[in-house]
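What follows is a set of notes on a single structure, which appears directly below.
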Amino acid sequence: MTAHRIFVCTSCAGKWSNGERIDESGGEKLLKRLQDGYPNWGLNTEFVIQPVECMSACNRACVVSFASPGKNTYLFGDISSDLTPAEINDVFNCAGKYYTHPEGSLPRSERPETLKKGILARIPAVGFPVEKEKIRL
């Protein structure tokens, strides 16, 4: 079982009527595009693409995240649901950089344009060493 995940918000850019979603959401379209490219990706045995019902970044749709135990988690928004094949490869290439870095660091200068501007969060890994003397209550 692989430890690396690409989470994709499937609620993003949805159209709603009377509390019900109508048609396919932008997030679902993005998920399908990523799933279409996944079999040809060299790291497809190291990652799972996992849909998530909502990632609570609704005003920054569409949203994806890279996560793995012991690594930083990255949350990216403002991603088009209509990514080109080259932009889908950008997402996979960035995930590959995340995979190879021991802490999952993705400096801005190393991210593709597709993910450079839409960074929403870099969340430290759980279990990250805490320096108690730097914590002020």
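The numbers here are math on the coordinates, done by the rules we state, and not lab data. A quick note: this is a predicted structure, and the numbers were derived from the prediction, not measured. Here Cβ is always computed from backbone atoms with ideal geometry, including for glycine, and neighbour counts include all displayed protein chains.
Observations, loosely collected:
- Residues with amide H under 5 Å from that of VAL52, placed H, sequence gap 5 or more: VAL8, CYS9, THR10
- Charging the Cβ of each Asp and Glu at -1 and of each Lys and Arg at +1, and nothing else, the dipole of region 1-135 about its Cα centre rounds to 320 debye.
- When HIS101, HIS4 are arranged by Cβ crowding within 10 Å, least crowded first, meaning fewest neighbours, the order is HIS101, HIS4.
- Across q = 0.18, 0.23 Å⁻¹, region 49-122 modelled as identical point scatterers on its alpha-carbon atoms has Debye log10 I(q)/I(0) values of -0.69, -1.14, in the order of the q list.
- The long axis of helix 26-37 is offset from the longest Cα principal axis of the chain by roughly 80 degrees.
- Whole-angstrom gap from region 1-41 to region 63-131, using each part's C-alpha centre: 17 Å
- Its DSSP H runs of at least 4 residues, each contributing -39,500 (n - 2.57), put the calculated 222 nm mean residue ellipticity of the chain at -7000 deg cm²/dmol, to the nearest 500.
- A cut-off under 13 angstrom between Cβ atoms defines the neighbours of VAL52, and their net charge, with Lys, Arg +1 and Asp, Glu -1, is -1.
- Efficiency of FRET between HIS101 and ASP23 - r from beta-carbon atoms, R0 35 angstrom, step 0.05: 0.40
- Only Cα pairs under 8 Å and 6+ residues apart enter the sum, and on that basis the relative contact order of the chain stands at 26 percent.
- Estimated distance in nm for a label pair at ASN40 and ALA3, the labels positioned 7 Å out from Cα along Cα-to-Cβ: 3.1 nm
- Annotation note: trypsin sites (Lys or Arg not before Pro) in region 30-137 located in DSSP loop regions with a Cβ neighbour count of at most 14 within 10 Å are LYS117, ARG136.
- Taking N as its residue count, the alpha carbon Rg of the chain over 2.2 N^0.38 Å: 1.11
- Against the chain, whose longest principal axis comes from its Cα atoms, helix 85-100 is set at around 20 degrees.
- Residue-by-residue Karplus 3J(HN,Hα) for region 103-118, coefficients 6.51, -1.76, 1.60, Hz, glycine and proline x: 9, x, 6, 10, x, 3, 5, 9, 8, x, 3, 4, 10, 6, 7, x
- The chain: antiparallel DSSP beta bridges as a percent of all, rounded to 5: 70 percent
- Footprinting exposure proxy for TRP16, TRP41 (fewest neighbouring C-beta atoms within 10 Å first): TRP16, TRP41
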